[in-house]
1. First check a/c for the range A:148-194, with a ≥ b ≥ c the square roots of the eigenvalues of its C-alpha gyration tensor; if it is under 1.5, answer rounded, and if not, answer prolate when a/b is larger than b/c or oblate otherwise.
2. Which of the lysines could a cross-linker bridge to residue B:76, judged by Cα under 21 Å and excluding same-chain residues fewer than eight apart?
3. Percent of Cα-Cα pairs per 5 Å bin, from 0 to the last occupied bin, for the range A:205-247, please list those.
4. Rounded if a/c is under 1.5, else prolate if a/b is larger than b/c, else oblate: which is chain A, with a ≥ b ≥ c the root eigenvalues of its Cα gyration tensor?
5. Across the residues of B:31-40, average count of Cβ atoms on other protein chains within 10 Å?
6. Whole number in Å², please: accessible area per residue of the protein assembly as shown, 1.4 Å probe, ligands, DNA and RNA not counted.
7. Between chains B and A, what is the buried accessible area summed over both chains (1.4 Å probe, protein heavy atoms, nearest 100 Å²)?
8. When the Karplus curve 6.51 cos²θ - 1.76 cosθ + 1.60 is applied with θ = phi - 60°, which whole-Hz ³J(HN,Hα) does each residue of the range A:257-268 get, with x for Gly and Pro?
Amino acid sequence: MDTLRTQSSTTPSRTFHVNVGRLVSKLLVYVLFLVLAVIALYPMVWIITNSLKTDIDLFESTWALPKEPLWDNYQRAWDYGIARYILNSVLVTSVTTVVTVALSTMAAYALARFDFPGRTFWFLFILGGLMLAPQVALIPLFRTLVKLGIYNTYLAMILPYVAFGIPFNTFLLRSYLLGLPREIEEAGLIDGAGPVRVFWHIVIPLSRPMIASAMVLQAMTAWNEFMFALTFIESDDLRTLPIGIMSFMSTLRSEFTVVMAGLVIAALPMILVFLVAQRQFIRGLTAGGLKG
Amino acid sequence: MASLGLSRWRKYVTPYLFLLPTLIIMIVFVYHPIVENFRSSLYNWNTFSGQENWRYVGLDNYRRVFDDPIFYTSIKNNIWYAVISVAVQVCFSLGLAALLESTLLSRFSSSFFRTVLFLPSVLAVTIIGITWMLMLNPSTGLVNQVLDEIGLAAVKHTWLGEEGTAIFSVIGVSQWQWTGYVMILFIVAIQAIPHELYEAARIDGANGLQQFWHITVPGVRETFLVMTTITVIGAFKVFDIVWVMTAGGPNHASEVLGNYLYRVGFRNDEMGYASALAGVMFLITFALSFAQIRFNGTMSRETE
């Protein structure tokens, strides 16, 4: 470092000066991002390595790699019933995602392509859902679900998820539809196809990329949802992964390494989906510019 | 226009057929609950009392909110949450995004760091919360051990168990989870800035910092405003990470509004009072959302 600095001051060549400065900033930026990457990744690495140890080893040397991997922790975590939670999450997430995106696409089509009185009003009506904190609806929703007789059923999660997912997805799909040329749809209408056929055979195929992005984002939201699942479900059999992991944790509180194995199992599905569908994630969230 | 092949009747009725399921679901599960919440905040009731046993108390529940010290603790924590999140998730991540999009990093390392920093935001809050509980725990804890190793033993704490550190530990974990997410949004915004602007600035001899202030910052202005308001609104809605990591403890020190109303309603079974807390929360988040719309004008432009 010091030699570099003296050199650059004795040789005032401008390009050389700039290059040294650039080299130093390059180095600093690499160091900064390496540190951040370690901070982002190490907790996950730590959980994985320690999930393969005994509790005693965990307390003795939290840094060390497991002496020999103890797969038994995974067996025990699995036996606790994680499969059940995963299955519930898959069911609730897939039904929620399909229904939300289907209804949102329909609504977006109506709002983007029909000129009818009240169009702006209904758009704002739907979008207004984005402004509402779900907590505000929590207590009345609880009563409504009890009254409808669906408290503590899968529907107690699915219906609120759909209702709270529609505003964002409609917004996303409507913007996308507004950006598409209308000519093909108009040609379809002139050829005598009704709006339903135009929707099914033209609008949906044209919107496929945005529908895919909306589905990925909606699935991520539903998969991770916590508050409604905590409040509207009573029986362990129906719990989704985020809540199941909580009860798993409180049952096995003292067996840290088994809990860690459970966390790894629980995290895997989402990480795999993310690595496969990265582009859809990014496209969807940038189109909407929203976060959970 | 789509009206081309359609009769008058079909032109007006068809859109409603497409909208109908959405409108029904939103009325039942979004709008009806808001109205219902305001009604139920005027009564004292619990889960076991039938409708006929609701006791009308007028605005008493709201008066109680403003006399409740835990309410003020919650609001204070929500504000901390907002301030720190704006500083880290919005301002700091904008800096990170600008560095990743600069020529200082190779293309490969730039996309590698991008993916790695984004990764925490796809994990469920429970998984993240429990992972960090284990890391902040003094006996299993990684965090205190790291502090030991790097010579900062003096700042060791029982992070989640002390009144002074609990909420800040939770807020810190939130930053860990979301900074990479906001960073990606900024990266996309930066990529939309015309490249020629940077080239012209370079020719004029502007250094990296000058380019950042005079081209990048104005170029992402809109994204910046939207992210700031969304982050602030999010800070007043936060529930799950706090519930998982501290449940508001110790001794209510890390309570936030969303968390407190859940406890009052579903643990203490004082539904009327919880509804009043929800009512206050509605007013706060509504005012913030409204300010966002006025401020950014995004929605009005959308509807024109």
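1. Working: a/c = 6.93, a/b = 2.40, b/c = 2.89.
Because a/c hits 1.5 or more and a/b fails to exceed b/c, the range A:148-194 counts as oblate.
2. Result set, ordered by chain and number: B:237.
3. Cα pair-distance distribution for the range A:205-247, in percent: 5, 22, 23, 15, 12, 10, 9, 5, 1.
4. Values: a/c = 2.64, a/b = 1.22, b/c = 2.17.
Since a/c reaches 1.5 but b/c is at least a/b, the shape of chain A is classed as oblate.
5. Numbers: counts 6, 4, 13, 5, 1, 6, 7, 2, 1, 3.
That average works out to 5.
6. Numbers: 26760 Å² over 596 residues.
With the other protein chains kept in place, the protein assembly as shown gives 45 Å² per residue.
7. 9500 Å²
8. 6, 5, 4, 4, 4, x, 4, 5, 4, 5, 7, 4
The values are calculated or read from the model by the stated rules, or taken from the named source; none is laboratory data. Note that the coordinates shown come from a computational prediction; the quantities given were computed from them, not determined experimentally. FYI the Cβ positions are ideal-geometry reconstructions off the backbone, even for glycines, and counts take in every protein chain you see. All accessible areas refer to the heavy atoms of the entire protein, side chains included, with ligands and DNA or RNA removed. Shrake-Rupley method; radii C 1.70, N 1.55, O 1.52, S 1.80 Å.
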